[in-house]
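Peer 1: Mind looking over this structure? Questions follow.
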Amino acid sequence: MRHTLPIAPQFYVTAPQPCPYLEGRMERKLFTALQGETAEPLNNTLSYQGFRRSQNVLYRPACAECSACMSARIRVADFEPNRSQRKTMRKNASLRRHATSPWATEEQFSLFRRYLDARHADGGMADMDIFEFAAMIEETPVRSRVIEYTAPPEEGRRNGPLIAVSLTDVLENGVSMVYSFYDPDYANHSLGTHLILDHIEIAREAGLPFVYLGYWVPGSPKMGYKAKFSGLEIHKDGVWQPLGQPEDHAAATHPLSVEPIAEQVAQITLPDTVAPPKIRTST
């Protein structure tokens, strides 16, 4: 009988670049590849430790100047919508949800371009073409879904126009919202909030306890909306903990809050199917 040794994931660190959340700061990321039979367990295990997926890569901020980017998730059982969120739910009650396999369409790309041009024209994704968009949607080695939201169909038509899309991973203990975009003409519908509210319902229907939202950053206006969801937890100091008061996390923006990269990698827990991690520096 032939036995093969588990493959050790290689961890890399990106070169510093301007931080998109805190002005005047530089960011760098710790990342590793998702591939082969270990992709699913690795995605689950590292997602529990604050990593996020982008195509076939898992990454986590590992900045030299602060540790403010904290993975955030909602405890479904403890979530109670506030008055504003209930209003958003009523306003979007007519939208139809449809879950599909991760397959890109021209209609999705058209909506994606309109969203970027209106909301993130100067962002890092502003120049993405249809092939890069297709790669973002389709290059997934794990269990992923595209959740589409459409308006009610007009008279004589079978389907209504596409209003919003979320690329969503299905984890062992929750759903992870990888990337979302929506029609900028529906600005007064708070579609970003609606997508999160509906994913809470998706997780509840599936019996999954968490909805993973990406990163929350104290002091960043772009990320402030996540703190408005009750039952929110953040991954801080190696554990998940209730957010509490946002201002209590200001110290995470201080350089002394950062551990050395080698120490961060040494603390990563891996599934039993893979070997201990190794780290290399990427430029």
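Peer 1: Could you grab me the full set of residues in the range 90-133 that are over 18 Å from His194 (Cβ atoms) and assigned to a helix (DSSP H, G or I)?
Peer 2: Glu106, Glu107, Phe109, Ser110, Arg113, Leu116, Asp117, Ile130, Phe131, Glu132, Phe133 - these are the residues of the range 90-133 that are over 18 Å from His194 (Cβ atoms) and assigned to a helix (DSSP H, G or I).
Peer 1: Being closer than 30 Å to Gly24 by Cβ and outside any helix (DSSP H, G or I) is true for just one of Tyr225, Tyr179, Tyr149. Which residue is that? Before you say what the answer is, go through the steps one by one.
Peer 2: Details: Tyr225 fails: outside any helix (DSSP H, G or I); Tyr149 fails: closer than 30 Å to Gly24 by Cβ.
Answer to the selection: Tyr179.
Peer 1: Then there is this: Among the residues in the range 155-163, are any closer than 24 Å to Ala126 by Cβ, without any contact (Cβ under 8 Å) to a residue 40 or more places away in the chain and crowded, with 16+ Cβ neighbours inside 10 Å?
Peer 2: no
Peer 1: Restrict the check to the range 134-150 and report whether at least one residue is free of Cβ contacts under 8 Å to residues at least 12 places away in the same chain and either under 17 Å from the mean Cα position of the chain (by Cα) or under 20 Å from Thr168 (Cβ atoms) (or both).
Peer 2: no
Peer 1: Need pairs with beta-carbon distance below 7 Å; first residue at positive phi and surrounded by fewer than 10 Cβ atoms within 10 Å (Cβ to Cβ) and within the range 238-252, second part of a strand (DSSP E or B) and basic (Lys, Arg); sequence gap 6+ or separate chains.
Peer 2: none
Peer 1: Farther than 15 Å from Gln49 by Cα, part of a helix (DSSP H, G or I), in contact with a helix residue (DSSP H, G or I) (Cβ under 7 Å, 6 or more places away or on another chain) and not assigned by TED's automatic domain parsing to the domain that holds Tyr48: does that describe Ile200?
Peer 2: Yes: the conditions hold for Ile200.
Peer 1: Taking the condition of a type outside the set (Phe, Trp, Tyr), surrounded by fewer than 16 Cβ atoms within 10 Å (Cβ to Cβ), farther than 15 Å from Leu46 by Cα and at pLDDT 85 or above, does Lys222 pass?
Peer 2: Details: of a type outside the set (Phe, Trp, Tyr): yes; surrounded by fewer than 16 Cβ atoms within 10 Å (Cβ to Cβ): yes; farther than 15 Å from Leu46 by Cα: yes; at pLDDT 85 or above: no.
So Lys222 does not fit the description; no.
The values are calculated or read from the model by the stated rules, or taken from the named source; none is laboratory data. Worth saying up front: this structure is predicted, and the values here are computed from it rather than measured. Ideal geometry is used to build each Cβ from the backbone, glycine not excepted, and the neighbour counts take in all protein chains shown.
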